[in-house]
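J.: The structure's right below; bear with me while I get my questions together.
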Ligand SMILES: *Cc1c(COP(=O)(O)O)cnc(C)c1O
């Protein structure tokens, strides 16, 4: 028989004592009391079963805490806009605007007059100012919503004329033709996968045409015997031309010469341009609609527009992104390879005596889900043995690289320079070879 003094189960710390531990108390703020208490109870039970000592309960409870979701990860994949990692990382001003917008705001109120005001006017004014060729602008939830709104308001019960080479799948099994037809518009497909001429469009355009749609192939390339029709030629057909440029470039970027931008597309004659906010623009998830005042007004007034309305957080982050377009996305796209190499070498040199078998190697980064397929960006990576991939991915913070021929490459193009130290610490937290 054990007596009360020596029975280790009697020495298991009490719940209120454990919850007052600074680490666990801090976790309550992020995770809520119930989830922290569950971790504490689980650790106490382990001690009562004799699996751990009473002295280890605190650490066991802290280790059993669930990670707050979503988890911030370091993107060392070399993919600038990685859909699975949430596409664009917001700029500091956009993050600050998000936080400011979290409370009550003047999103739909003019404080000077006390009257109702145009919702999100700061973001809309900034978008209009960034693309002077757009007579009017509107913002919805994402690029797909922008297309659905255009198709519903301008072509429901009518036809959308579109090239067979532009009926794309945007990802996760979602296909533009299905999306467009879900609105009650009929697709009038013209041309072939690889070649479509202006005569193909002209033959299909008629009294039932709602608009001609031009979709930028933002996630694939067709090469070889190909031809497609420019917006400039489509604009001569006498029906509205809607151009889905996808990427959200508002003005040309010399680095991405094949990527259409909103301003140029409107000047070429498009009546309406649709694009995403969280691709090359580097902002929050949003769908941008820019173009002729009469068309934009029809979209804005359509009942469906209310269901696709963006929230105040998105509007705040979008406005800040437009005011300060030097986003992490732009930084990553335009990073100087020489500077990336120097950072990789410094990282390798600071990994300690054995250096973790790290090497500095050239790498090729890509734009990713956001556009510019085929564009290769010269980059540099820290190369580690492949066995580092899983522990780095599940570490705190998770570091995501890519495995190439038995090595894990940590490409620094999309890692902010100030995060290099976190990458070093994460690598050193993985147990060494022996
Ligand atoms: C990304 C993309 C879409 C979908 O936009 P979301 O913002 O992801 O809804 C539609 N069309 C094109 C051409 C795209 O590149």
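J.: What shape does segment 105-169 have by the C-alpha gyration tensor, where a ≥ b ≥ c are the square roots of the eigenvalues, rounded means a/c under 1.5, and otherwise prolate means a/b greater than b/c and oblate the rest?
T.: Prolate.
J.: Another question about this same structure. Rounded to the nearest 500 deg cm²/dmol, what is the calculated helix-only ellipticity per residue at 222 nm for the chain, with -39500 (n - 2.57) per DSSP H run of length n ≥ 4?
T.: So the helix-based figure for the chain works out to -10000 deg cm²/dmol.
J.: Quick check on the exposure proxy: order 24, 377 from fewest to most C-beta atoms within 10 angstrom.
T.: By the 10 Å Cβ count, ascending: 24, 377.
J.: Over segment 119-208, what is the relative contact order in whole percent, taking alpha-carbon pairs under 8 Å and six or more residues apart?
T.: 26
J.: Pulled fully out, how much extra length does the chain show between residue 26 and residue 119, if you take 0.36 nm times their separation in residues and subtract their Cα-Cα distance?
T.: Taking 0.36 nm per residue and subtracting the Cα distance, the gain is 29.8 nm.
J.: Something else now. Using the number of other C-beta atoms within 10 angstrom as an exposure proxy, rank 48, 10 with the fewest first.
T.: 10, 48
J.: For segment 147-217, would you read off the P(r) tail past 20 Å as a percentage of all alpha carbon pairs?
T.: Here the long-distance tail beyond 20 Å is 24 percent of all Cα pairs in segment 147-217.
J.: Taking one equal scatterer on every alpha-carbon of segment 311-434, how large is log10 of I(q)/I(0) by Debye at q = 0.12, 0.14 1/Å?
T.: -0.50, -0.66
J.: Continuing with this model, one more query. Rounded to the nearest 10 degrees, what's the angle between the helix 312-323 long axis and the longest principal axis of the chain, both from Cα atoms, 0 to 90?
T.: Between the helix axis and the principal axis of the chain, the angle is about 70 degrees.
J.: Another question, then. What Kirkwood hydrodynamic radius, in Å, does segment 154-289 give when the mean of 1/r is taken over all pairs of distinct Cα atoms and then inverted?
T.: 15.2
J.: Does segment 277-371 classify as rounded, prolate or oblate by the C-alpha gyration tensor (a ≥ b ≥ c root eigenvalues; a/c under 1.5 gives rounded; else a/b over b/c gives prolate, otherwise oblate)?
T.: prolate
J.: Return a whole-number percent for the relative contact order of segment 8-64, with Cα pairs under 8 Å and 6 or more residues apart as the contact set.
T.: 44
J.: Using only alpha carbons, build the gyration tensor for segment 1-139 and give me the equivalent ellipsoid semi-axes, biggest first, whole Å.
T.: 53, 20, 9
J.: For the chain, what is the Kirkwood hydrodynamic radius in Å, using each pair of distinct C-alpha atoms?
T.: 24.9
J.: Sticking with this one: Please list the radius of gyration and Dmax for segment 8-64, considering alpha-carbon atoms only, with Å as the unit.
T.: In Å, with Rg to one decimal and Dmax whole: 10.4, 32.
J.: Taking Cα atoms, how many degrees apart are the long axis of helix 33-48 and the longest axis of the chain, rounded to 10 and kept between 0 and 90?
T.: With rounding to tens, the tilt is 30 degrees.
J.: Of the beta bridges DSSP finds with both residues in the chain, what % are antiparallel, to the nearest 5?
T.: 60
J.: Determine the relative contact order of the chain: mean sequence separation of Cα pairs under 8 Å and six or more apart, normalised by residue count, in whole percent.
T.: 19
J.: What is the distance in Å between the Cα centroid of segment 375-434 and that of segment 307-336?
T.: About 27 Å separates the Cα centre of segment 375-434 from the one of segment 307-336.
J.: Going by Cα centres, segment 1-75 and segment 178-233 are how many Å apart?
T.: Their Cα centres are 61 Å away from one another.
J.: Oh, and also: When a/c reaches 1.5 or more, the comparison of a/b and b/c decides; with that in mind, is segment 71-211 rounded, prolate or oblate per its Cα gyration tensor?
T.: Here segment 71-211 falls in the oblate category.
J.: If you line up the long axis of helix 420-429 against the longest principal axis of the chain, both from Cα atoms, how many degrees apart are they, to the nearest 10?
T.: 50
J.: In what order do 357, 214, 279 fall by count of nearby beta-carbon atoms within 10 Å, going from fewest to most?
T.: 357, 214, 279
Readers should treat all values here as calculations from the given coordinates under stated rules, not as data from a laboratory. Since the model is a prediction, treat every value here as computed from it, not as a measurement. All Cβ positions, even for glycine, are placed from backbone atoms using ideal geometry, and neighbour counts span all protein chains on display.
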